[in-house]
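Before any comments, here is the structure.
The values are calculated or read from the model by the stated rules, or taken from the named source; none is laboratory data. Computed from a predicted model, the values in this text were never measured in an experiment. Cβ sites come from the backbone with ideal geometry, for glycine too, and all protein chains shown count toward neighbours.
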Amino acid sequence: MQVRDLVALAGADSKATADHVILLWMSGGMSHIDTFDPKPGRETGGEFEPIETSAPGVVVSEILPKVAKQMKHAAIVRAIAGTQGDHGQATYNLLTGYQTTPQLVHPSIGSVTVHELAPKSDLPAFVSIGGRALSAGYMGQKCEAYYIGNPGQPDPYLQLPEGIAQVRANRRLEVLTELNKKTAAARPDPELAATDATYRAAVKFMESPALQAFQLEKEKPEVREAHGPSAFGRGCLLARRLVEQGVRFVQVSAGGFDTHVNNFPAMRNLGAMIDAGIGSLVEDLAASGLLKRTLVMVLSEFGRTPTINMTAGRDHHPAVFSTFMAGGGVRSGIVLGSSDEDGRMPRDRPVRVADLHATVCTTLGIDPAKEVITPLRRPMRLVDKGEPVRDLLA
């Protein structure tokens, strides 16, 4: 075990069952009925048939055949009880666990994770791929996500500007360091110290051998092919490589799920994209043994209406929807809770959004009831009144 791993363990509860989280964010409001909560034989069930999975008695939609093969490693929560039907407010609620308020910007679960746990890598502790993460809010700049727009392509922010050689860049940094030392000696300033620390962290990042994680071309062709040709599939592959290098929290975003019109052809195409990425990610993590300490979660801001509208689409439906969770101490091969026969409301074992956040924190060894003090000296809980879903945990 390396020194950095010992330091990281010092920041985590010994009861933690996960060291990393990969959040697969389905932006737009993914239909629960057409993915993880099929309703065969009901008028609301739509065009897709349920298929058996590797977990006895558990079915998913036919558009997720690779995911079906990995259900032996996963759990489905079928009764998330949401409250927000607006995209912005629901996204905020699902990613922070809080409702929007004009007084505060709350941190996302990714920012909470890196605030509470020590880093395990030279790479940023929180990486967002394919979509911007929410602000770190009152947790500050050090808890913001590092954004990767196009996984597999060189990051322009990690390369020197054209015409600037490495020797010249090093000399500039030496001059900057000397100027900062003189200024700090004459006028100590916490902001200057923080800026200097940011520069040093950036240089360490640019020079780290761990940057090889971004080089997807080093993967075998058959591995890249298994994840599919989409940016989301490449993002899932990159997420696995980042976790292998110690990154604490990775968010991979896929869009297009706001299917008010022509829901079924849209979901068939979207299903093929996310099925390749999710299925291959879980399969790879399970094969390497890393799934045991990595929580993978598929989440969206709400579900879609059971009723099919006049344009063959489904509309916003926050009352009940589903999430898929694998690894990181979550029970495998199970379904927790259910919606009613048409997928309109929770039928049993509803899970509040805050409960979901408390559960993620618990797997990471973080106390969800812990309070942090904002810059305005206001105490705030990490999770807003949520309780861990104990029967979801192994």
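Computed quantities for the displayed model
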{"read-out": "Test result for residue 372, out of contact with any Asp or Glu (no Cβ under 7 Å at 6 or more places or on another chain) and part of a strand (DSSP E or B)", "value": "yes"}
{"read-out": "Test: residue in segment 156-176 that is part of a helix (DSSP H, G or I), among the aliphatic types (A, V, I, L, M), exposed (fewer than 11 other Cβ atoms within 10 Å of the Cβ) and modelled with pLDDT of 80 or more", "value": "yes"}
{"read-out": "Residue within segment 153-175 that is within 16 Å of the chain's Cα centre (by Cα), of a type outside the set (Ser, Thr, Tyr) and more than 15 Å from residue 27 (Cβ to Cβ) present", "value": "no"}
{"read-out": "Unmet requirement for residue 105, which otherwise passes all of (1) of a type in the set (A, V, I, L, M, F, W, C); (2) closer than 23 Å to residue 318 by Cα; (3) touching an Asp or Glu at 6+ places or on another chain (Cβ under 6 Å)", "value": "(3)"}
{"read-out": "Within segment 41-139, strands (runs of 3 or more DSSP E) holding 3 or more residues that are within 28 Å of residue 380 (Cβ to Cβ) and either under 18 Å from the mean Cα position of the chain (by Cα) or not aliphatic (A, V, I, L, M) (or both)", "value": "126-129"}
{"read-out": "Selection within segment 187-221 - exposed (fewer than 12 other Cβ atoms within 10 Å of the Cβ), assigned to a helix (DSSP H, G or I) and at pLDDT 80 or above", "value": "212, 217, 218, 221"}
{"read-out": "Residue match in segment 141-155 (condition: among the aromatic types (Phe, Trp, Tyr) and over 30 Å from residue 358 (Cα atoms))", "value": "no"}
{"read-out": "Only one of 72, 39 that is over 22 Å from residue 346 (Cβ atoms), surrounded by fewer than 23 Cβ atoms within 10 Å (Cβ to Cβ) and basic (Lys, Arg)", "value": "72"}
{"read-out": "Scan of segment 311-339 for residues that are in a strand (DSSP E or B) and either among the acidic types (Asp, Glu) or closer than 21 Å to residue 24 by Cα (or both), ordered by number", "value": "316, 317, 321, 322, 323, 324, 325, 326, 330, 334, 335, 336"}
{"read-out": "Residue that is farthest from residue 95 (Cα to Cα), among those in segment 354-391 that are buried (at least 18 other Cβ atoms within 10 Å of the Cβ) and among the small types (Gly, Ala, Ser)", "value": "365"}
{"read-out": "Pairs where the first residue, in segment 340-359, is part of a helix (DSSP H, G or I) and the second is of a type in the set (Lys, Arg) and surrounded by fewer than 22 Cβ atoms within 10 Å (Cβ to Cβ), C-beta under 8 Å, 6+ apart", "value": "354/385"}
{"read-out": "Residue identified as among the β-branched types (Val, Ile, Thr), outside any helix (DSSP H, G or I), at pLDDT 75 or above and within 23 Å of residue 289 (Cβ to Cβ) among 247, 243", "value": "247"}
